Each structure stands twice: as C-alpha cells, then as structure tokens.
Amino acid sequence: MTADGNSNGIGAETNDSAKVQHVDALVVGAGFGGLYCLHRLRKLGLSTKLFEAGGELGGIWYWNCYPGARVDSDAPSYQFFMEETWKDWTWTERYPDWKELRRYFKHVDQKLDLSKDISMATRVMSAEWMPAEERWTIKTDTGVVVPAKYFVTSTGYTAKKYIPDFKGLDKFKGVWHHTAAWPQEGIDMMGKRVGIIGTGASGIQIIQEIGPQVKNLTIFQRTPNQAIAMQQEKLYAYEQNAEELLCWSYGRAQRLLRGISLQS
Ligand SMILES: Cc1cc2nc3c(=O)[nH]c(=O)nc-3n(C[C@H](O)[C@H](O)[C@H](O)COP(=O)(O)OP(=O)(O)OC[C@H]3O[C@@H](n4cnc5c(N)ncnc54)[C@H](O)[C@@H]3O)c2cc1C
C-alpha cells in the first residue's frame, strides 16, 4: 500500500517523520499534459505517481471555473486523440464550458484508470537531485517524500495567477477574486455592482456571461484586444465519429496554420 492508501504496486514505506513512496517517475500536475505523461509512463512499464495541488482533475479547468470560462479552440481539436478517450465521448458544443471539461476529465479518468496513481490536494514543494543515488528527492506539503528516477513537471503555462500590486488592495472592503482561482462554490453576482479588470480572453468571457445578471458593470481596460464573435454551435455525435473527426481536424488545423479560424 502506498502512503495515501492506494494499492498500485508502488513500493512504499511509512515512518513517523515522513511518508516515503518509491517510484520510477513522479509527475506534477493533473491537466492535459500531466495526465498524458502519467498514462504514457505507465505504458512504458514505469511505476508512476502524479501529484496535483487542486481538488479535481483538469488542471486549469479546475481553477478557472468563473462564469463563462470555456474553450476557445474548436472542441474536437481540444482533446486527447487516443481512441479509448474519444470513442465514447461526444462534445455538446463547439466551445464547451468548464463544466463540460470537468465531465470530460472524469470520462478520461475512467477510461485510462488514472486516479489510482494520483494524489489530489498535494502540492510539490521541492525537488532535489541526489547525485549519489541518481534519483530526485521530491517533497510535498502533505509530508510525503518521493525518491524518483524521473521527475516530470506538467505544471502548465497559464496556471500561475498574476495579481498586480494594486495600491490599497489589502484595504478593499468589497469582495474580490481572480478568474484563475475562482471559488469552487461560485459567486452570486445577481444585482451587484461589479468591476472587471482586463479584457483578455478570460475578461471577455466573464463580461459576456455576467453582463445580463449584474446591476452595474464597469470594465477597466488598459489595452483593447481584437475579439471576434464566438459563433457557438451545438455539436452532435454523428459529426464526431473517428473518420469525420480526423478529416475535420486536419482541415481545421490547416486553416489554423494559415491564420485565425474565422468560421467554417
Ligand atoms: C480559461 C482558459 C481557457 C483556455 N482555452 C484554451 C483553448 O481553447 N485552447 C488551447 O489550446 N489552450 C487553452 N488554454 C490554455 C491551457 O493552459 C491549455 O490548453 C492546457 O489546459 C494546459 O494544460 P497543462 O497540463 O499544460 O497545464 P494546466 O492545465 O495548467 O495544469 C497544471 C496543473 O499543475 C498543477 N500544479 C502546478 N504547480 C504544482 C505543484 N507545485 N504541485 C502540485 N501541482 C501543481 C496546477 O494546480 C494545475 O492543475 C486555456 C487556458 C485558460 C486559463
């Protein structure tokens, strides 16, 4: 048994000061990248564990659960292309929202049997290469210590939130949140006075969604971005069978390479 109770064949020993889990490979981050690494490394026969700081699979789709958070690539191209993951899955929208992405990650988990090797709510705090042992020593905020030959960081490139050093923010009496760390239980903004800072992809998404709900909305925009109409569409299973998906994705990829996908 491993320190978190999973029985997955990974050698583990526990003592009072630290829970030690020996693995061949340790992956950090349960987004698209980390989950794929976990799957591939296991297929190579390596005993592998994955640690994720968040509370559910999905990476940014766990943290970015703000109103309107959705994919802005065409859905069939934004997924794993392993047959076992797309075969029984149908996207319902061209630009699915974070709730559908969470359902998708549950589906992937079930198909690839990932969770047994994942510890959620576990943040990696340090990783040190030990030349004598030729292993990494990885430590977490839960007190687990992992000696591992391979250490793979799939910690994302849009996962770290940036909060500008706004003067007086610490004295602000209202409620404030960052889209990349949205409360999992949501926020009721119905009839409220709301300000949004920034009009990048997340700003534009949340503005569209809460605009009709709030009493008053003020948008603070330093730099205007070019934005085009979303052109959301419902998607159906018959559009997503394997052959069509491949042809569709190939055609779409070609168009994307030529520039922005404006419409099909
Ligand atoms: C709202 C939004 C919409 C997006 N839409 C698109 C899109 O339409 N198309 C597109 O191509 N890309 C899109 N992206 C970019 C997105 O980052 C990638 O598509 C993809 O999800 C990145 O996956 P990842 O596995 O690399 O990283 P992430 O999904 O960022 O996962 C990294 C994970 O690592 C975890 N982590 C980090 N540090 C630690 C630590 N020390 N210990 C433990 N865990 C840790 C984090 O908690 C996180 O869950 C979007 C991003 C956002 C924010």
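Before moving on, here are some points about what is shown:
- Residue list for the stretch 116-142, restricted to those being surrounded by fewer than 16 Cβ atoms within 10 Å (Cβ to Cβ) and polar (S, T, N, Q): Ser126, Thr142
- With respect to being under 30 Å from Val214 (Cα atoms), touching a Lys or Arg at 6+ places or on another chain (Cβ under 9 Å), modelled with pLDDT of 95 or more and small (Gly, Ala, Ser), Gly58 fits the description.
- Enumeration of residues in the stretch 138-164 that are more than 15 Å from the ligand (Cβ to nearest atom) and more than 24 Å from Thr179 (Cβ to Cβ): Pro147, Lys149, Tyr150
- Note on the stretch 165-213: among residues that are acidic (Asp, Glu) and away from the ligand (no atom under 16 Å from the Cβ), the one that is farthest from Asp72 (Cα to Cα) is Asp170.
- Restricting the search to strands (runs of 3 or more DSSP E) fully inside the stretch 65-168 and requiring at least 1 residues that are under 16 Å from the mean Cα position of the chain (by Cα) gives 144-153.
- Whichever residue in the stretch 29-64 is part of a loop (DSSP other than H, G, I, E, B) and free of Cβ contacts under 8 Å to residues at least 12 places away in the same chain and, among such residues, is farthest from Tyr95 (Cα to Cα): Gly45
- Test for Gly55: is it within 20 Å of Ala121 (Cβ to Cβ) and near the ligand (Cβ under 6 Å from one of its atoms): no
- Residue among Gly174, Gly168, Gly195, Gly156 that alone is surrounded by 10 or more Cβ atoms within 10 Å (Cβ to Cβ) and more than 22 Å from Gly34 (Cβ to Cβ): Gly195
The values are calculated or read from the model by the stated rules, or taken from the named source; none is laboratory data. Quick caveat, the model's predicted, so the values are computed rather than measured. Don't worry about glycine lacking a Cβ; one is built from the backbone with ideal geometry, like all the others, and counts go over all protein chains shown.
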